[in-house]
Amino acid sequence: MSDYFETVPPIRYKGPDTDDPLAYRWYDADRIVRGRRMEDHLRLAVCYWHSVSWDGADPFGSGTFARPWLGSEAPDALDARMDAMFGLVSRLGVPFFTFHDTDVVGTHDRAADYRSAMERGMARLRETMMEHGMRPLWGTANLFSHPRYMAGAATNPDPDVAAFAALQVRTALEATHALGGDNYVLWGGREGYDTLLNTDLPREMDQLGRFLAATVEHKHKIGFTGDILVEPKPHEPVKHQYDRDVATVYGFLKRYGLEDEVRVNIEPNHATLAGNSFAHEVATAQALGVFGSIDFNRGDPQNGWDTDQFPLDLRETTQVMALILEGGGFRRGGSNFDAKMRRQSVDAEDLFHGHIGAIDLLAKALLLADRLLEDGTLSRNRTGRYAGWSEGEGRAFLDGALGLAAFGETALERDPRPVSGRQEYLESQLSRMLDMDVRP
Ligand code: XUL
Ligand code: CO
C-alpha cells in the first residue's frame, strides 16, 4: 500500500521561533534537563486506537475519517493499519507506542481464532516495530468492545466470559513481554454496573480481585519485570466503574493484598470525570506509592464525558510535571497520548497537528517545571508551612510519644494563631514562573 502520510516530512525540532506547523518548537529530544535527555524524561508514546483504529464514529453518526485501511478486519487491512501506525509514530520521532490486542488483530467471536490471529499479528508487530526502532510503553487487552463483555469481563456473572478475558489478558501480557514493553495496563471499562438491581457487588469485587491477582501471578511466572497498571475511571461506558479514581483503586489493591504489585495509569479526563483534578490524582498516587504512568489528554469544561482531546493547559501540565520531577521522574511509565482528533479533523495532517501541539506542551512544561523546582519558592513555602511538626510536641505526637490526652493538654499552654495559606500569592508566583524564559 502507498504511504498514507507521504506528504508529511519527519517532524524535527526547529526551535521556538519557527512558524513551521510541522516542526517541534520545544521538544528537542537531546536537550538535557536535570542531567537527563528530554526524550528520557518524557518517554512519549502514541496510541494505536485513537490514531489509526478509530474511524471518527460517535453515538450519533458514522465514521468521518476515510482511512483506506478501515472498514475491514481482514489480515491485509490490519497490516495496512499497522503500516499507517508506524508511518505516523516514526515521523513523530517518539520512542514508544501503546496498543490493545484488538488494534492489531481485530475482534474475534471464537477463542481459537483470537489465538491464531494473535500469533500472526504479534509476529508482524514485532518485525514492524523493530524496523522503526520502537517498543511498547504498554500493551493491553480490549475487554470492553466485543458484545460478550456487555456485563463485564472479570466481573461478568458468566465465568465463560471471564475465561475468554483471561485468555486475552494472558496472551496480550505475554505479547507485551515478548515485544519488550515496559508496562501492562488493565482498564476496566465494563467492570462495574449499570444498575444495582441486578448486581451482586461484593461478589463482583472478589472476582475482580482474583482476576488481578492471577494477572500478577502470571506476570511473575513468565518473568515480566514491567509494571502492571490499573487505569482509574469513574464511569463511561458503564454507570459505575469499580476503578473509580486513584484512592478507590488503592483501597481495592490493599483489600486484595496487591498494593506492592500494581500501580496506576492516570488519565486527566478520567480524573475530571471523577470530580478530581489531574494534579490531585498524580499527587495521591505518589503519596500512596502507586504512581505509574500517564495517559495525557483533556476533557471539555462544559460537558461531562470523555472527549479525549489533546492536552493544552500549560499551567496544569507544568504543575504535574513538577510533581513528577519531584518524585524522581517516570520509572517505567511515560507520557502516552490517549487523545483523538475531532470528527471534523479528517485530514492526515490533523493527526500530526494534534500530536505536535501536545508534545511541545509537555516539553515546555518540563522545562518550566525544572525552573519552578530550581526557583524553590513553592517548596520553601510548603516546607515552612509545616515546620512546627518537625519539633516539640508536634514531633512527639507524630512519633507516638504523646497520646491524644497529653497532646491535647499542650493546647492549654498556647492558643493557635491564624496563619495565611497565601493561595493568591502562590498562584501569582506560579504565573511568574510560567513567564520564565526557557529558550535554549
Ligand atoms: C478509555 C481509555 C482506554 C484505556 C486503554 O477511556 O482510556 O483507552 O487507556 O484501554
Ligand atoms: Co486511557
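The values are calculated or read from the model by the stated rules, or taken from the named source; none is laboratory data. Small disclaimer: the values here were computed from a predicted structure and weren't measured. Neighbour counts are summed over all protein chains in view; Cβ atoms, including those assigned to glycine, are modelled from backbone coordinates with ideal geometry.
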| task | Starting from the range 27-38, keep only residues that are within 14 Å of ALA369 (Cα to Cα), then list their pairs with residues that are of a type in the set (D, E, K, R) and part of a helix (DSSP H, G or I) whose Cβ atoms are within a distance under 7 Å, requiring at least 6 positions of separation or different chains. | result | VAL33/ASP370; ARG34/ASP370
| query | So how many residues does the range 315-361 have that are within 16 Å of ligand 2 (Cβ to nearest atom), in a helix (DSSP H, G or I) and touching a residue at least 60 places away in the same chain (Cβ under 8 Å)? | reply | 2
| note | Those residues of the range 278-297 which are away from ligand 1 (no atom under 15 Å from the Cβ), in a loop (DSSP other than H, G, I, E, B) and under 22 Å from LEU44 (Cα atoms) amount to VAL290
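How about the range 268-291: which of its residues are within 19 Å of GLY226 (Cβ to Cβ) and either surrounded by fewer than 20 Cβ atoms within 10 Å (Cβ to Cβ) or within 12 Å of ligand 2 (Cβ to nearest atom) (or both)?
The answer is GLY289, and nothing else.
If we scan the range 135-146, do we find a residue that is part of a helix (DSSP H, G or I), within 16 Å of ligand 1 (Cβ to nearest atom) and crowded, with 23+ Cβ neighbours inside 10 Å?
Within the range 135-146, the subset part of a helix (DSSP H, G or I) is none.
Within the range 135-146, none of the residues are part of a helix (DSSP H, G or I), within 16 Å of ligand 1 (Cβ to nearest atom) and crowded, with 23+ Cβ neighbours inside 10 Å.
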| Would a scan of the range 255-267 turn up a residue that is at pLDDT 95 or above, buried (at least 23 other Cβ atoms within 10 Å of the Cβ) and away from ligand 1 (no atom under 15 Å from the Cβ)? | yes
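Residue-wise test of (1) within 23 Å of PHE310 (Cβ to Cβ); (2) of a type in the set (D, E, K, R).
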{"position": "ALA45", "(1), (2)": "yes, no"}
{"position": "TRP54", "(1), (2)": "yes, no"}
{"position": "GLY63", "(1), (2)": "yes, no"}
{"position": "ALA80", "(1), (2)": "no, no"}
{"position": "PRO95", "(1), (2)": "yes, no"}
{"position": "PHE99", "(1), (2)": "yes, no"}
{"position": "ASP109", "(1), (2)": "no, yes"}
{"position": "TYR114", "(1), (2)": "no, no"}
{"position": "ALA117", "(1), (2)": "no, no"}
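For the range 305-325, state whether one or more residues are small (Gly, Ala, Ser) and in contact with a Leu (Cβ under 6 Å, 6 or more places away or on another chain).
Yes: one or more hits.
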| Matching option when the condition is within 16 Å of ligand 1 (Cβ to nearest atom) and in contact (Cβ under 8 Å) with a residue 60 or more places away in the chain, among GLN241, GLN168 | GLN168
| field | Out of LEU167, LEU186, sole residue that is crowded, with 18+ Cβ neighbours inside 10 Å and either more than 21 Å from VAL104 (Cα to Cα) or not β-branched (Val, Ile, Thr) (or both) | value | LEU186
| Any residue at all in the range 393-405 that is more than 40 Å from the chain's Cα centre (by Cα), more than 14 Å from ASP375 (Cα to Cα) and either at pLDDT below 95 or among the acidic types (Asp, Glu) (or both)? | yes
| Output for the range 298-314, where each listed residue is surrounded by 14 or more Cβ atoms within 10 Å (Cβ to Cβ) and either at pLDDT below 95 or assigned to a loop (DSSP other than H, G, I, E, B) (or both) | GLY299, ASP306, THR307, ASP308, PHE310, PRO311, ASP313
| Odd one out for ASP200 among (1) among the acidic types (Asp, Glu); (2) under 21 Å from the mean Cα position of the chain (by Cα); (3) over 23 Å from GLY181 (Cβ atoms) | (2)
| said: When the residues of the range 167-226 are narrowed to those that are of a type in the set (Ser, Thr, Tyr) and assigned to a strand (DSSP E or B), which ends up nearest to GLY334 (Cα to Cα)? | reply: TYR184
| note | Just one listed residue, out of THR107, THR18, is among the β-branched types (Val, Ile, Thr), farther than 22 Å from PHE337 by Cα and free of Cβ contacts under 8 Å to residues at least 12 places away in the same chain, and it is THR18
| said: For the range 60-95: of the residues being part of a helix (DSSP H, G or I) and over 27 Å from the mean Cα position of the chain (by Cα), which is surrounded by the fewest Cβ atoms within 10 Å (Cβ to Cβ)? | reply: ASP76
| query | If you go through the range 12-51 one residue at a time, how many are of a type in the set (Val, Ile, Thr), outside any loop (DSSP other than H, G, I, E, B) and more than 16 Å from ligand 2 (Cβ to nearest atom)? | reply | 2
